[in-house]
1. Exactly one of these conditions fails for Ala66: (1) among the aliphatic types (A, V, I, L, M); (2) surrounded by fewer than 13 Cβ atoms within 10 Å (Cβ to Cβ); (3) touching a strand residue (DSSP E or B) at 6+ places or on another chain (Cβ under 8 Å). Give me its number.
2. Taking the options Ser87, Ser63, name whichever one is among the small types (Gly, Ala, Ser), closer than 26 Å to Phe127 by Cβ and either touching a residue at least 60 places away in the same chain (Cβ under 8 Å) or in contact with a Leu (Cβ under 9 Å, 6 or more places away or on another chain) (or both).
3. Since Val152 meets every condition but one in (1) within 23 Å of the chain's Cα centre (by Cα); (2) surrounded by 15 or more Cβ atoms within 10 Å (Cβ to Cβ); (3) free of Cβ contacts under 8 Å to residues at least 60 places away in the same chain, which condition does it not meet?
4. So which residues in segment 191-237 are at pLDDT 90 or above, within 18 Å of Val281 (Cα to Cα) and in contact with an Asp or Glu (Cβ under 7 Å, 6 or more places away or on another chain)?
5. Does segment 137-147 contain at least one residue that is touching a residue at least 60 places away in the same chain (Cβ under 8 Å) and within 30 Å of Phe197 (Cα to Cα)?
6. Quick check on my filter: what residues within segment 217-243 are in a loop (DSSP other than H, G, I, E, B) and not hydrophobic (A, V, I, L, M, F, W, C)?
7. Being free of Cβ contacts under 8 Å to residues at least 12 places away in the same chain, within 30 Å of Glu154 (Cβ to Cβ) and not polar (S, T, N, Q), is that true of even one residue in segment 307-328?
8. So if I check each of Ser211, Ser200, which one is within 25 Å of Met396 (Cβ to Cβ) and either in contact (Cβ under 8 Å) with a residue 40 or more places away in the chain or assigned to a helix (DSSP H, G or I) (or both)?
Amino acid sequence: MVHDDVADDDVADDDVTLGGATYDDVTHDDATQYDAPYFRGLPSNRWEVGPEISRDQVASILSEAAYSFPVRHVTGVVRYDGAQVASNIPCEDQFIHDKFPSPWNDGNYWMTWGIFDGHMGCQTVVFLREILLPFVRHSLCQLRPRSGEEIVPEELVQDAIMQGFVKLDDSIIKEAYYMCQREETLPVKVKKLAPAFSGSCALLSTCYNGSEVARILNEHPGEEYIVGNGRVLGLGVSRAFGDCQWKWPIDFQKEVQQRFYGPVPTRAVQTPPYLTAEPIVTSTKIDPESPSFLIMATDGLWGLVSSEQAVNLVGRWLESGAPGKGTDPEPTYEPFDFGPFWKDMDWKFVEERETVQDDNAAVHLLRNALGGNHHEMIAGRLAFDHPSSRRVLDDMAVQVVFFNNDGIESKIISSDT
């Protein structure tokens, strides 16, 4: 070991501590140019982690990506809240929320909300966040009322939305055949192929739906093995953007893998595509005289909370007025680890752990899904870093939209003041 004596005055006073060792953050860069950086840690045979996650830190983590907006000039919409918790880095669940002029330039405004649940990477979901709404708007802008009618029929609006989805996915999946042969540079081709390599749902459609299973098997006679345990050839969704392994012919998958390091081909593919991006579009009329709300979320939430439980949670959040009021004192729990989840403790939401602490309805749902009033349970789940975090929670994105009724608006506003 080569060593030299260094006077204390030779080391700057402005230090940072990292992993138990202290480094000079002022002279470190210069030291690499003129001399090696100084190691200022003390000899030790122990190490420590930082302090435990406090209640304030839990609130900060749950609210980090949260948002809440009042809505003006869109009939019936009062306010919407949203929040997101990441398990993957970067997060594979994303959202959009935007107001835009009516496609028919009639002076009205429309609101849109979207939840995207990505898988096998974030490329597709990030692409959808930026591109899906422009495609849908373009499709809607082609519509005009029929002769003698003032309003575009509902079925045409639904079809236009469906066409916007399908055309966007075609631009991802089908255009790849031609793009691979174009005179473009390798970096450009790799970037254009990225949304096809991963995948994303816009809202959710899974193969636990019996009609979806029937549709898929009818489109692929003789391939009864393709659907099992709620999955299509191993993938837990039946309608999604991207996902080239379930949509490209096997020969083209092999070509893309070799030329552009694409995903490993799915060997069981015989008659693709097995997935579609064509959405099931439905319309729901909202009673202007009745308060109502809409909850949209990715499966990270729905894996922990049922639809009925989520509705009840938001209902009680509204009834409580300001957050924290009308809620029982936080109970005292025994020291906790995840062992009881393997025995008789429910790892999903239970009413006994319900709490109202947050002024954002989406954050309220996330908190109660992850443990509610059981601080150590929530803090323990949030203590994991990626990729270990995938063992205790999934990416979660939630939006709650409130419609109509001044009474609801006044209660929501009271929690903001």
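The values are calculated or read from the model by the stated rules, or taken from the named source; none is laboratory data. Just so it is clear, the model here is predicted, and its values are computed rather than measured. Cβ coordinates were reconstructed from backbone atoms using ideal geometry, including for glycine residues, and neighbour counts include every protein chain displayed.
1. That leaves (2) as the condition not met.
2. Details: Ser63 fails: closer than 26 Å to Phe127 by Cβ.
Residue meeting the stated conditions: Ser87.
3. The failed condition is (1).
4. Of everything in segment 191-237, nothing turns out to be at pLDDT 90 or above, within 18 Å of Val281 (Cα to Cα) and in contact with an Asp or Glu (Cβ under 7 Å, 6 or more places away or on another chain).
5. As a first pass, look at segment 137-147 and keep what is touching a residue at least 60 places away in the same chain (Cβ under 8 Å): none.
The answer is no; no qualifying residue exists.
6. Within segment 217-243, the first condition is being in a loop (DSSP other than H, G, I, E, B), and the residues that meet it are 220-223, 229-230, 233-234, 236-238, 240, 243.
Correct list: His220, Pro221, Gly222, Glu223, Asn229, Gly230, Gly234, Gly236, Ser238, Asp243.
7. Within segment 307-328 (the criterion being free of Cβ contacts under 8 Å to residues at least 12 places away in the same chain, within 30 Å of Glu154 (Cβ to Cβ) and not polar (S, T, N, Q)), the answer is yes, since at least one residue qualifies.
8. On the way: Ser211 fails: within 25 Å of Met396 (Cβ to Cβ).
The match here is Ser200.
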